[in-house]
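Structure first, commentary second.
The values are calculated or read from the model by the stated rules, or taken from the named source; none is laboratory data. It should be emphasised that the depicted structure is a prediction, and the values quoted were computed from it without experimental measurement. Please note: Cβ atoms are built from the backbone with ideal geometry, for glycine as well, and neighbour counts cover all protein chains shown. To get the accessible areas, we keep the full protein, side chains included, count just its heavy atoms, and leave off ligands, DNA and RNA. Shrake-Rupley method; radii C 1.70, N 1.55, O 1.52, S 1.80 Å.
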Amino acid sequence: MLTGPGFELRTNGDAALDIRFAADPSEMLSEHIIALAEAIESCEQLPSITELVPAYQCLTVCYDPLRLPRCEAGAPDTALLEQKLLTLTEQVLAQSVPARGTHHLIRIPVCYDEKYAPDMQVLCESSGLTADEIIRRHTAPHYLVHMLGFTPGFLYLGGLEESLHCPRKARPELQVPAGSVGIGGAQTGIYPQATPGGWQLIGRTPLALFRPLQEPAFIARPLDRIQFVAISAAEFSAIDPMSPPEKVPLVSDSNSGDGR
Amino acid sequence: MSLRIIKSGLQTTIQDGGRPGNLRWGLACGGAADTFAMALGNLLLGNPRSHPCLEVTLTGPEIEFTCDVSIAVTGARFDLALNHQAVANDAVIRVHAGDRLRFGPLRSGARAYIALAGEIQLPPTLDSLSTHVIAGFGGLHGRPLQAGDRIPLNQCRQESARQLPPAYRLDYSTRPLLRVVSGLEARHFSDDTLARFYQGGFTVSPQSNRMGIRLAGEPLPVKGIPQQVSSALCPGTVQVPPNGLPIISFVEGQTIGGYPRIAHVISADLHRLGQLVATARLDFELVDQAAAHRILVGKSRLLAELPSRL
């Protein structure tokens with residue numbers, strides 16, 4: 001294991017290295033992690049790298065052991081890769097403000113109607129708030145996309161207001177409908193596919209989060225911002241799931257959270 | 001020119017090398033569950049190793065060919081018949097228009113590959129023809145094949161009769177052994193727990209699928225192991241969830257996870273996950289990273305040498 005100031009490099013199986021950061025998850029740390037991923041990607045001396053996977057406090061670097069330099073005995077040698085990653089990580093962490101790319105605010109329509117919000121009552125009870133107030137507080141923030149993962153297109157969002165934190169279900173549902181918007185612990189998010197799930201469901205978006213036939217196939221990238229916009233059941237039915245989020249006609253913010 | 005599916009089998013899908021490079025979007029590589037068996041079939045026919053093929057799971061299909069084409073069936077051993085005439089696994093089968101390939105009883109392993117000396121004429125999705133079963137895209141209509149499906153083929157060729165040398169004929173009937181390197185969170189497990197993990201007490205649960213291989217047996221104690229902040233989960237990673245029953249991430253596995261990781265199946269043995277059958281008892285053997293890489297180099301060399309040995 002190699003360490004530098006504020007991070008350590010650890011093997012994650014025989015074909016990946018984790019660069020793990022000591023700092024707590026934050027916007028600043030995510031910016032560093034994405035900047036590091038971009039620096040590694042543009043480094044031409046690292047042809048063995050196959051995947052870069054950012055997370056809250058970690059960047060996982062997958063590599064093909066067969067494309068590593070070989071030591072004298074002919075075995076793949078990770079030393080050069082590790083050294084290079086160490087140097088790049090130190091460089092990126094030393095930048096006070098990482099180089100920023102273009103990040104977008106993506107507004108995602110969500111219908112909080114009863115028929116799409118089977119667990120709204122649970123959330124009302126745990127928070128002591130009315131459904132209208134929950135909707136207002138859920139649609140207010142610009143959530144930070146820390147990373148994508150779990151299933152294709154799932155967004156790990158930061159910034160859920162503390163009053164809306166709510167324990168997961170003791171027994172996960174076997175099948176949660178695609179597009180379901182839920183709260184699990186301190187996280188909120190959208191289930192891109194119909195999968196098992198343990199979050200409390202408070203709404204549903206008509207938009208598809210994963211569009212394998214479109215380019216790009218995903219509606220958001222790390223460091224983008226997400227805002228949920230409340231829509232009616234009639235608007236829900238009228239939205240084409242495959243339309244780009246910026247093309248979806250949405251009523252102005254002042255109308256959101258009116259309890260529909 | 002096409003393949004016509006007469007009977008689908010349990011889960012017959014179009015597969016290739018999958019979609020590497022998309023983990024950061026939450027999309028696991030997918031593709032053939034046993035890439036080694038797929039490569040053997042393709043190399044027998046003179047194809048690239050990950051040329052699109054059919055993956056057959058546990059119960060085989062019945063397929064009618066409307067053109068002359070050579071095929072090869074590798075991986076799990078089924079009794080095979082072409083028009084009621086027995087044909088061999090691990091060898092070129094010269095098929096003629098109108099012939100029917102039938103899969104009989106499964107003898108060992110879990111997944112067979114039907115390699116084709118021809119091109120499947122379907123549009124790729126994200127640069128691959130692989131069927132992603134869990135997310136429902138790719139392949140034909142994003143799903144396993146059904147009776148009545150037609151898979152268009154072109155550039156069909158006949159290849160000369162040849163078979164795999166004995167060294168390449170894998171035996172799936174023995175108790176499966178998976179070699180692993182130590183897990184990222186292995187240090188949190190007690191020596192006693194680790195010893196139990198390596199003692200061979202677990203079997204493959206019938207609830208396993210392309211997302212994950214679930215193990216059944218006496219649960220491992222997980223009390224007191226700290227919660228992990230979610231981070232990337234690579235294929236072959238063995239996680240221990242709160243119920244104490246390990247799960248091995250598989251080809252269509254989730255890409256981010258937070259359960260403690262007790263071990264990682266080495267890259268060279270990932271293909272063996274594709275041949276595990278429910279109730280099989282599993283052994284894990286701990287190796288170090290240098291050994292894991294040596295084994296991978298050896299397997300890669302074996303495949304590289306195959307064309308010159310046919």
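For the stretch A:143-183, list whatever residues lose no less than 40 Å² of accessible surface once every protein chain is in place, relative to that chain by itself, with the probe at 1.4 Å.
With the partner chains in place, the stretch A:143-183 has these residues losing at least 40 Å²: A:L148, A:F150, A:P152.
Roughly how large is the A-B contact in terms of buried accessible area, totalled over both chains, probe 1.4 Å, nearest 100 Å²?
Looking at A and B, the buried total is near 3400 Å².
Quick check: at a probe of 1.4 Å, how many percent of the accessible area of the protein assembly as shown sits on carbon and sulfur atoms?
Heavy-atom surface of the protein assembly as shown belonging to carbon and sulfur, 1.4 Å probe: 52 percent.
Based only on the alpha carbon positions, what is the Kirkwood hydrodynamic radius of the stretch B:60-182, in angstrom?
Taking the inverse mean of 1/r over all distinct Cα pairs, the stretch B:60-182 comes out at 16.2 Å.
At 1.4 Å probe radius, can you tell me the per residue accessible area of the stretch A:105-255 in Å²?
On the way: 6390 Å² over 151 residues.
I get 42 Å² per residue for the stretch A:105-255.
In bins 10 Å wide, starting from 0, what share of all Cα pairs of the stretch A:2-94 does each bin hold, as a percent?
Here the calculated profile for the stretch A:2-94 is 17, 53, 24, 5, 0.
From the Cα gyration tensor of the stretch A:102-253, with a ≥ b ≥ c the square roots of its eigenvalues, which class applies: rounded if a/c is under 1.5, or else prolate if a/b is larger than b/c, or else oblate? Provide the component values of the computation, followed by the final result.
Values: a/c = 1.40, a/b = 1.31, b/c = 1.07.
Rounded shape, in that the Cα axes give a/c under 1.5.
Out of B:A304, B:H264, B:P221, whose Cα points farthest toward the positive end of the dipole of the stretch B:177-309 (charges: +1 Lys, Arg; -1 Asp, Glu; placed on Cβ)?
Checking the options against the dipole of the stretch B:177-309, the answer is B:A304.
If you take the Cα atoms of the protein assembly as shown, find Rg, then find the Kirkwood Rh from the mean of 1/r over all pairs, what is Rg/Rh?
Here the Rg-to-Rh quotient is 0.98.
Could you work out [θ]222 nm for chain A from helices alone, using -39500 (n - 2.57) per DSSP H run of at least four and dividing by all its residues? Round to the nearest 500 deg cm²/dmol.
The helix-only estimate for chain A comes to -6500 deg cm²/dmol at 222 nm.
Quote the charge dipole size of the protein assembly as shown about the Cα centre in Debye, to the nearest 20; the model charges only the Cβ of Lys and Arg (+1) and of Asp and Glu (-1).
Numbers: 49 positive and 55 negative charges, 307 e Å.
About 1480 debye.
Using a probe radius of 1.4 Å on heavy atoms only, what accessible surface per residue do you get for the stretch B:1-156? Whole Å² is fine.
On the way: 5130 Å² over 156 residues.
Counting only protein heavy atoms, the per-residue value for the stretch B:1-156 is 33 Å².
Restricting to the protein assembly as shown, compute how many DSSP beta bridges are antiparallel as a %, nearest 5.
Close to 90 percent.
Could you list the trypsin sites (Lys or Arg not before Pro) in the stretch B:160-224 that lie in coil according to DSSP, counting only those with at most 16 other Cβ atoms within 10 Å of their Cβ? Intermediate values should be presented prior to the final figure.
Details: sites: B:R162, B:R169, B:R179, B:R187, B:R196, B:R210, B:R214, B:K223; in loops: B:R162, B:R169, B:R210, B:K223.
Qualifying residues, ordered by number: B:R162, B:R169, B:K223.
Within a 10 angstrom radius of each residue's Cβ in A:14-21, how many Cβ atoms of other chains show up on average? Whole number is fine.
6
Rank A:A178, A:V122, A:Q200 by how far each Cα sits towards the positive end of the charge dipole of the stretch A:105-255 (+1 on Lys, Arg Cβ; -1 on Asp, Glu Cβ) and give me just the farthest.
A:A178
Given only helices, namely DSSP H runs of n ≥ 4 each adding -39500 (n - 2.57), what is the per-residue ellipticity at 222 nm of chain B, to the nearest 500 deg cm²/dmol? It would help to have the intermediate numbers written out before the result.
Working: 3 runs with 38 residues, N = 310.
Only helices count here, giving -4000 deg cm²/dmol.
Please figure out what share of the DSSP beta bridges in the stretch A:105-255 is antiparallel and state it in percent, rounded to the nearest 5.
Close to 75 percent.
For chain A, find the longest principal axis of its Cα atoms and tell me its angle to the long axis of helix A:79-94, 0 to 90°, nearest 10.
The answer is roughly 50 degrees.
Could you give the size of the charge dipole of chain A about its Cα centre, using +1 on the Cβ of each K and R and -1 on the Cβ of each D and E, expressed in debye and rounded to the nearest 20?
Dipole of chain A, to the nearest 20 debye: 380 debye.
How would the stretch B:174-223 be classified by its alpha-carbon gyration tensor: rounded, prolate or oblate, with rounded meaning a/c under 1.5 and the a/b versus b/c comparison settling the rest? All intermediate terms of the calculation are to be shown ahead of the outcome.
On the way: a/c = 1.60, a/b = 1.52, b/c = 1.05.
Note, shape of the stretch B:174-223 comes out prolate.
For the stretch B:176-228, what is the charge dipole size about the Cα centre, in debye to the nearest 20, if Lys and Arg each add +1 at the Cβ and Asp and Glu each add -1 at the Cβ?
That gives the stretch B:176-228 a dipole magnitude of about 200 debye.
Measure nothing but the geometry: give the 0 to 90° angle between the long axis through the Cα atoms of B:289-309 and the longest principal axis through the Cα atoms of chain B, rounded to 10°.
That helix lies at roughly 10 degrees to the long axis.
In sequence order, what are the phi-derived ³J(HN,Hα) couplings for the stretch B:157-162 according to the Karplus relation 6.51 cos²θ - 1.76 cosθ + 1.60 with θ = phi - 60°, rounded to whole Hz, with x for glycine and proline?
In residue order, the calculated couplings are 10, 9, 10, 6, 5, 7 Hz.
Can you bin the stretch B:185-302 into rounded, prolate or oblate? Criterion: square roots of the alpha carbon gyration tensor eigenvalues sorted a ≥ b ≥ c, rounded for a/c under 1.5, prolate for a/b above b/c, oblate for the rest.
rounded
For the stretch B:180-292, what is the accessible area per residue in Å², given a 1.4 Å probe and the full set of protein chains?
38 Å²
Using +1 at the C-beta of Lys and Arg and -1 at the C-beta of Asp and Glu, which of A:I135, A:Q187, A:L93 has the Cα lying farthest in the positive direction of the dipole of the protein assembly as shown?
Projecting each Cα onto the dipole axis, the largest value belongs to A:Q187.
For peptide B:281-293, what's the mean number of Cβ atoms from other chains within 10 Å of each residue's Cβ?
3
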